[in-house]
Number of protein chains: 6
Amino acid sequence: MNMSNPVNDFNEYREKMNAIILGKNNLVLKRLFNLDTNTYEAGALDVKTKEMLGLVASLVLRCDDCIKYHLGKCKDAGTTTEELYEIFAVANIVGGTIVIPHTRRGAEYWESLHDLHV
Amino acid sequence: MNMSNPVNDFNEYREKMNAIILGKNNLVLKRLFNLDTNTYEAGALDVKTKEMLGLVASLVLRCDDCIKYHLGKCKDAGTTTEELYEIFAVANIVGGTIVIPHTRRGAEYWESLHDLHV
Amino acid sequence: MNMSNPVNDFNEYREKMNAIILGKNNLVLKRLFNLDTNTYEAGALDVKTKEMLGLVASLVLRCDDCIKYHLGKCKDAGTTTEELYEIFAVANIVGGTIVIPHTRRGAEYWESLHDLHV
Amino acid sequence: MNMSNPVNDFNEYREKMNAIILGKNNLVLKRLFNLDTNTYEAGALDVKTKEMLGLVASLVLRCDDCIKYHLGKCKDAGTTTEELYEIFAVANIVGGTIVIPHTRRGAEYWESLHDLHV
Amino acid sequence: MNMSNPVNDFNEYREKMNAIILGKNNLVLKRLFNLDTNTYEAGALDVKTKEMLGLVASLVLRCDDCIKYHLGKCKDAGTTTEELYEIFAVANIVGGTIVIPHTRRGAEYWESLHDLHV
Amino acid sequence: MNMSNPVNDFNEYREKMNAIILGKNNLVLKRLFNLDTNTYEAGALDVKTKEMLGLVASLVLRCDDCIKYHLGKCKDAGTTTEELYEIFAVANIVGGTIVIPHTRRGAEYWESLHDLHV
């Protein structure tokens, strides 16, 4: 059973629209979507480190959906809340206080990922 | 009769707020709004090409409302879905995967412009 | 009594999430939040000028929540509507027409701050 | 006699290239250049305040040439070094530590504007 | 014989560093470089249109090296100076006056591409 | 003896200008500079991970001086060339091909840090 919550809503919209986009058969977009997946596979750096890199990049570029996506992946890879807030700290120092509103929404989504009531 | 849908909602809010802004009689803003209109008129480049330029610029700058506006204009100027996805491809390669969430919302709006059910 | 309106909604979400963020005791974030407050205190420049600087910076960086925050502070510091639209003009000329959608939402919030019906 | 220094070099290149650009007779660019000048004329806000707004916007958008231009205008309008560093502070807090390298180059240019030896 | 000029300098540095980067055999970077080439090949849109899209995207993102690269490609694809200045106009209206310094350097490079003395 | 090379040139300019900036005694800037140092100290995440986060953030925000600074710190913390190129890969996928010119200059600086002849 899939009850409505921020995590399910995000994943469902993402999957629905990715299917529409990929259904148009633009080869460059298809390859970019594949390459995006390859980027975060284990290599010299492990998956957890790569997902944290993807998260901090999404934070400073202030892309809420990218932040949500990588928060989910970071949680799966074992990032702790204390580690997450150190990533938030790097992003807010490098990117400035304009990152704060995205940190607020990211913090709220992180709580949702842990089934906590915000 | 103007039923509620994403295209009408966007246009109505845009017109309502533009009227409020222009009603304050700030001369610089008035001239900029006029100049914005002039920019996309036919010249050495035709209207369709200029609207595609406006769209790709809006995509890489990740401005959802600007994307919606130029998607409407691109459709009016005869841009096909296959051409649109090549514009999406340029934007996502130049601007990176942070453009993907805006591509999702743009793809959804494009379907709405064609009265398709997403 | 706190009726639902855009200004109260913004302030309540901001306060709720700031409490959650600061509750995690990340020292860098705590100090940055304090430093953010210090930045806008009167010095060689007065509070009104500093808040206008914070507003124009938020506008060109296209951060809607930052814009709302500084609009509230600008109103408290005595910025008039005519002055506000000159700040909007600088932001739209420096940052281009991608700032227009944020100007629309900022103009709407400014009306809400004055209890006008938009 | 125009000896080579950072201020003269900047102004001469700017004037030479503006002449080439305006010489192509693109009407939109011509009007935008004029509108840019109008934006900083005295209105509800005085010239000094408007130039400080232009400077902080240029700082957070990290445009070195725009920063140099507005530093020159700010000096002409009577901005003091203490006031300037409060503008730098707002820009670095809002825009983050990525603004620091631009602050370094701006600080160096400010010294040049005052004929100091850096 | 390859005399020093802005066009040769740009191309030589670009080729030297691309060789070093690709020599490290990072598969994601290799594929992205290939995909970048595919993006601008003729499809529903012709090469000239795609290069103009790449140019305007580079202008509003204010990437001088990307601008130079696409200026070279636009010239090869037959873009005229009048068309180029209409692309400059779109970029400066969408992206604002912070695009002007990049327009200056782009205009200078365009002259170099045509062997004119600036 | 300090021979001229890209690494020394960068460090010397940075130190000279930081001294000038901090000499003006703006309290907000002083505290931000201190906070910047605190951010990368070992906590739940180790120094090497934090420096890699700082590097990828600098890459996607396209700040050449920030990239150089964190490349030096990453090298000190033991980042290998293979790891570095995986960070470059994340940055170029998230931020797009506009990151490539910064990757070129970063790759060149990385070689200089290792005393290799580019």
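The values are calculated or read from the model by the stated rules, or taken from the named source; none is laboratory data. Keep in mind that this is a model prediction, so the values were computed, not measured. All Cβ positions, glycine included, derive from the backbone under ideal geometry; neighbour counts span all protein chains shown. Just the protein is used for accessible areas: all its heavy atoms, side chains included, with ligands, DNA and RNA removed. Shrake-Rupley method; radii C 1.70, N 1.55, O 1.52, S 1.80 Å.
Can you tell me which residue is farthest from E:Leu35 (Cα to Cα) among those in the stretch F:89-118 that are among the hydroxyl-bearing types (Ser, Thr, Tyr) and within 13 Å of the chain's Cα centre (by Cα)? Spell out how you get there, then give the answer.
Residues of the stretch F:89-118 that are among the hydroxyl-bearing types (Ser, Thr, Tyr), as a first pass: F:97, F:103, F:109, F:112.
With within 13 Å of the chain's Cα centre (by Cα) added as a condition, the list becomes F:103, F:109.
Details: F:Thr103: 17, F:Tyr109: 26 Å.
This residue is F:Tyr109.
Looking at C:Lys50, is it among the basic types (Lys, Arg), surrounded by 18 or more Cβ atoms within 10 Å (Cβ to Cβ) and more than 27 Å from A:Cys63 (Cα to Cα)?
Details: among the basic types (Lys, Arg): yes; surrounded by 18 or more Cβ atoms within 10 Å (Cβ to Cβ): yes; more than 27 Å from A:Cys63 (Cα to Cα): yes.
Against the criterion (among the basic types (Lys, Arg), surrounded by 18 or more Cβ atoms within 10 Å (Cβ to Cβ) and more than 27 Å from A:Cys63 (Cα to Cα)), C:Lys50 qualifies.
Here E:Gly72 clears all of (1) open to solvent by less than 30 Å² (accessible area, probe 1.4 Å); (2) free of Cβ contacts under 8 Å to residues at least 60 places away in the same chain; (3) within 13 Å of the chain's Cα centre (by Cα) except the condition numbered (2).
For the stretch B:62-85, which residues satisfy the criterion of being in contact with a Lys or Arg (Cβ under 7 Å, 6 or more places away or on another chain) and within 9 Å of another protein chain (Cβ to nearest Cβ)? Steps first, please.
To start, the set of residues in the stretch B:62-85 that are in contact with a Lys or Arg (Cβ under 7 Å, 6 or more places away or on another chain) comprises B:64, B:77-79, B:81, B:85.
Result: B:Asp64, B:Thr81, B:Tyr85.
Just one of the numbered conditions (1) in contact (Cβ under 8 Å) with a residue 24 or more places away in the chain; (2) within 14 Å of chain E (Cβ to nearest Cβ); (3) loosely packed, with under 14 Cβ neighbours inside 10 Å is not true of D:Lys16: (1). Candidates A:Glu82, A:Glu86: the one that is more than 26 Å from D:Leu59 (Cα to Cα) and either within 12 Å of the chain's Cα centre (by Cα) or buried (at least 19 other Cβ atoms within 10 Å of the Cβ) (or both) is A:Glu86.
Applying the set (1) open to solvent by less than 10 Å² (accessible area, probe 1.4 Å); (2) within 24 Å of E:Val60 (Cα to Cα) to C:Asp64 leaves exactly one unmet item: (1). State all residues of the stretch D:13-31 that are out of contact with any helix residue (DSSP H, G or I) (no Cβ under 8 Å at 6 or more places or on another chain) and either in a loop (DSSP other than H, G, I, E, B) or aliphatic (A, V, I, L, M) (or both); if no residue qualifies, say none. Result: D:Ala19, D:Gly23, D:Asn25. Only a single item in (1) at pLDDT 95 or above; (2) farther than 19 Å from E:Cys74 by Cβ; (3) open to solvent by 30 Å² or more (accessible area, probe 1.4 Å) is not met by E:Asn26, and it is number (3). Test E:Val94 against the criterion of being farther than 25 Å from E:Asp9 by Cβ and at the interface with another protein chain (Cβ under 8 Å from one of its Cβ atoms), and give yes or no. Spelling it out, E:Val94 is indeed farther than 25 Å from E:Asp9 by Cβ and at the interface with another protein chain (Cβ under 8 Å from one of its Cβ atoms).
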